[in-house]
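Enquirer: Starting off with a structure, shown below.
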């Protein structure tokens with residue numbers, strides 16, 4: 001997706017939510033099952049079950065990525081790429 005098509009999609013979404021605020025209400029669901037100690041299994045939408053565990057240094061068995069590893073990767077580049085240059089290129093400023 002190009003920056004221009006992303007901008008168009010985002011601005012259309014903003015306008016749709018302004019017109020009908022209820023379309024902006026989104027629910028994210030997952031199922032999590034505690035297995036033992038620091039280990040759990042998580043299911044999100046129709047994806048395969050994922051094992052989440054801590055490394056031995058944090059008391060886990062290293063059976064899968066830890067919670068931080070699951071959460072941070074999608075947000076790290078998004079924060080830098082979306083919250084900094086894109087709004088500026090659209091002529092907007094975000095509060096510091």
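What follows draws every value from the coordinates through simple rules; no lab data is involved. Just so you know, these numbers come straight off a predicted model, no measurement behind them. Note that we place each Cβ from the backbone using ideal geometry, even for glycine, and neighbour counts take in every protein chain shown.
Enquirer: Modelled label-to-label distance, residue 2 and residue 14, 7 Å Cα→beta-carbon offset: nm?
Expert: That separation, rounded to one decimal, is 2.0 nm.
Enquirer: Next question. With N set to the residue count of segment 1-68, report its C-alpha Rg divided by 2.2 N^0.38 Å to two decimal places. Please list the in-between numbers first.
Expert: On the way: Rg = 18.8 Å, N = 68, 2.2 N^0.38 = 10.9 Å.
Compactness ratio reported: 1.72.
Enquirer: Give me 15, 41 ranked fewest to most by other Cβ atoms within 10 Å of their Cβ, as a rough exposure proxy. Show your work: numbers first, answer last.
Expert: Values: 15 10, 41 16.
So the ranking, lowest neighbour count to highest, is 15, 41.
Enquirer: For residue 22 and residue 44 in one chain, what is 0.36 nm times their gap in residues minus the Cα-Cα distance, to one decimal in nm? Write down the numbers at each step before the final one.
Expert: Details: separation 22, 0.36 × 22 = 7.92 nm, distance 2.34 nm.
In short, 5.6 nm is gained.
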